[in-house]
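Input: a single structure, listed below in structure tokens.
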Amino acid sequence: MRYSFEIRKFIYSQYFFGGLRIALGVSLPAVLMLIVFHNRELGFTIATGALGACVVDMPGPLKHKHNEMLACTLIGFVAALATGIATAHPLTLWLTVVPLTFVLSLIVVYGYRWPQISFATLFMMIVTLEEHFTPMQALINASWILVGGLWYTYWATLVSRLLVYRIEQQALAESIFSCAEYLLARANFYDGDADLDECYRVLIEKQIAAVERQEAARDIVLRNLPKVKSGKLDPRRARLFNLFINVVDLHEFFVGAHTDYPLVRKTFAGSDVLIFYRDLMRKASADLEEIGLAVLQNNPAPRQISMKAELRAIEYELELMRKHGLPEKNPEAYTAAAAVFRRLWSATRLIDKMRRRTRGDASPTETELQIDHALSRFISSRRVPFMQIFSNLTMASPSFRHALRVTIAVGVGFWLGRLLPLTNAYWIVMTTVIILKPGYSLTKQRNTQRIIGTAIGCAVTIALILFVKEPHILLIVMFASMVMSYSLLLFNYAASVVFTSSYVLLMFHLLAPGSLRLIGERAIDTVVGCAIAIAASHLFPYWEYRLMGKLVKDLLAATRNYLEASWYWKAKPASQADKARAASATAAASSVAGAVETPVERAVFADANAGAVASSSSSTVVETVAQPVAVTAEAANEPLASTPPLEPDLVADSAVKAATATAQRLSSVSIGESTAATATKGASAAATVAATALDRDYRYRLARKNVHIAFANLAQAFQRMMLEPKAQQRYVAELNDLLVQSHVLASQITAAAPLLQSLNEADGQPFEPVQRTFGVVRDNLAFAQDELPAAPKPDAPPAQTDALKELRRELDTMVVAAERAQSLPADALHDLKLLAHQCKQMLTASTLIEKDAAQIRLPV
């Protein structure tokens, strides 16, 4: 491990930045009250409100974070006020705490940051349990908690607003780091000694992390799209936006680099080509990490890690394979190796492009994608359906069951805290609430980490107190522990607990020196609270397998949509009758054929950086948009036939300007509305075609995003299920294989999309087997989706198996016929071979997915 690199990465990360912001925001009111007003109790009360609000201070869009912290503060004020008033009598306290705990636990149904709001408001309630207030004292106490929450809300908002670009850079850098880790996981497949099952397990984990980081970066970067200032784009925002688009496309390259690893390992066992692929991926991963660190530090990326040796070595090995006749002897293995090389070569060029962006070599205002309102479809809505809480008042709701568990656990913990000696009800209840999560597996994980972290934290704190007598040193250690506690919270909970225990115990030691009894009580309270939490997790459990059926169906639907978005030329080409009907429109639009063609040539679809550009011939383009063009011309009363021909450069420039003008009208487009449909309203033919191409690109990217998210959701649920009791683990083998095959299929679709596009210009070529293959894959996904949760079916009948074999043979025949006809350019012929290979892999994966889905009998 490169320790210096990891240290710099952490210091500049959003985690350390957030930990420092939280530590300062929480401690400043307490220090101010203690030093200036000599009022320790008031300082702690204000800090309590700040502690509650800081729980919601997580990476995300500034506007939403501000609203969430504000909602948390106001709800926490009500909870603290109600609890404070009820402390006057034990009966009223119980009658208040029980329903209040249930309601505050149930608000997790709203998702997003509401689980954090639920915990923070429960925290503000719990810290008031041990007090004895009159109604006026309760109001004053709750008001000071409100002041603390408001202080932290606007402190965090001000700091975040001042450092808004830093926050965007940090989120973007995390996405780059996760992409590098994903590529590193891919490299392990080319290590002959590595176990394939373990490689897939690690790859799925890294895919989940990459999707999460991309979502976080997308939510921040796209909500702060480049803004126009005096007619020019803000260069900093434009650079961050371009880097984000680049890293998403780069992740697509790496996903599409999937291949038949058992075949590759078997064919090239003992060959240096596997080592070259592995080393190339590892170098590219290290290079990408350096770019991520440069983005974090806001510095130009250092010199590129040279990958020329590996690239040339792989080229040489592929050339040797051709000379030895491997494409004829084992075409599958050769095509697989060549396809991976092509993807990785394109990826290295994109990495170099990202490096140039960090240095400012690229244009400071041009963007990878056109900025318009249509990008809003990539941002998930944060609207809160407040009435949803009432529809969850049933045992069929996981959130309702969670609220019942928390309510019972809090009641038992509070009762034991009052009953047992040497215990504190506050610590017991707080530990229980911290550990108890909606899912059994998460509660189990937190319980173990909490016990271990607390034990280590108490031991370290005792050693510090015994051997360090200087209060100023202990104060520095306490603040450093506080910073590290919040910094590690999001990605290393056990270490965070160590520092949390340390700074809390040091704080009480500095306030009341000489007593180690508090440390023992803290340890006892933690053990009791953990025991209550783990016992309560078995009450009304909602096991993960109950959710798996719906998640499987969502993944199948998302994969099918992704396939259809990639297969943008649909199931069949235009028929001769369609061409005849379009002939008149073609003749009428001949004067603007160049204008129609040029924007499409510029509009990159699916794989922008692979060099696959939609350069359809003018006749094909007019076929596609003949009717919209005719309607538009008629509506505008433009005499297209009499329009004089234009110079190509002038046409291209006017077409792009028209497309830009069309995009500006999209500000009224609602989320999810077709850009092309809106663009045709009064737009010129060229603008319509350009907007249609842009809309296709957006649809593809949105489908790609959705399939990655659906895969991550199912994979996370599967991982949680594997931590549950074995009796509650259902269809493990089938779900595991379905996850692997779904990832394989998505990878093959990703790799096939640019090949489809580059071959689309070869009009009249016999590519029917490819079309039928996509139709079969789509049908397999549809059947698999419809079969859930049907009874298990037997294996595929021989007729179906023979049909798939016949289709594979037709794909091979298609390639052979294209070679003999010599009607395709060499590059197009190579693309056709790669596409045939991808189609075979897609057939295999979709067939296995249908087979697995037929065996899974889970509720949906």
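Values for this structure:
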{"quantity": "Convex hull volume per residue in cubic angstrom - Cα atoms of segment 390-469", "calculated": "115 Å³"}
{"quantity": "At R0 = 41 Å, FRET efficiency that the Cβ-Cβ distance of Glu806 and Ile275 yields, to 0.05", "calculated": "0.60"}
{"quantity": "Three-way shape call for segment 252-392 based on the alpha-carbon gyration tensor, with the a/c threshold at 1.5", "calculated": "oblate"}
{"quantity": "Highest to lowest packing among 479-485, 328-334, scored as the average C-beta count within 10 Å", "calculated": "479-485, 328-334"}
{"quantity": "Cα-projected label distance for Arg383 with Leu420, points at 7 Å along beta-carbon direction, nm", "calculated": "4.8 nm"}
{"quantity": "Overall Cα dimensions of segment 171-368 - principal axes, largest extent first, Å", "calculated": "63, 33, 26"}
{"quantity": "Global form of segment 243-290, assessed from the alpha-carbon gyration tensor, a/c cut-off 1.5", "calculated": "oblate"}
{"quantity": "Cα centre as origin, Lys/Arg/Asp/Glu Cβ charges: segment 1-162 dipole, Debye", "calculated": "680 debye"}
{"quantity": "Cβ-derived FRET efficiency at R0 25 Å, Val78 paired with Leu393, nearest 0.05", "calculated": "0.75"}
{"quantity": "Packing rank of 720-733, 161-174, where each peptide gets the mean count of other beta carbons within 10 Å, highest leading", "calculated": "161-174, 720-733"}
{"quantity": "FRET efficiency, 1/(1 + (r/R0)^6) with R0 60 Å, evaluated for Asp361 and Trp94 via beta carbons", "calculated": "0.35"}
{"quantity": "Mean Cβ neighbour count within 10 Å, used as a protection proxy, ranking 176-182, 814-820, 186-192 highest first", "calculated": "176-182, 186-192, 814-820"}
{"quantity": "Whole-Å distance, taken between Cα centres, linking segment 30-73 and segment 455-471", "calculated": "28 Å"}
{"quantity": "Three-way shape call for segment 494-553 based on the alpha-carbon gyration tensor, with the a/c threshold at 1.5", "calculated": "prolate"}
{"quantity": "Histogram of C-alpha separations across segment 1-162, 10 Å bin width, %", "calculated": "11, 36, 31, 16, 5, 1"}
{"quantity": "Length gained when the stretch Ala817-Ala309 is fully extended (0.36 nm per residue, less Cα-Cα span)", "calculated": "179.2 nm"}
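Just so you know, all these numbers are worked out from the coordinates, no wet-lab data involved. Fair warning: this is a prediction, and the values are worked out from it, not measured in the lab. Using ideal geometry, Cβ is built from the backbone for each residue, glycine included, and neighbour counts are taken over all protein chains shown.
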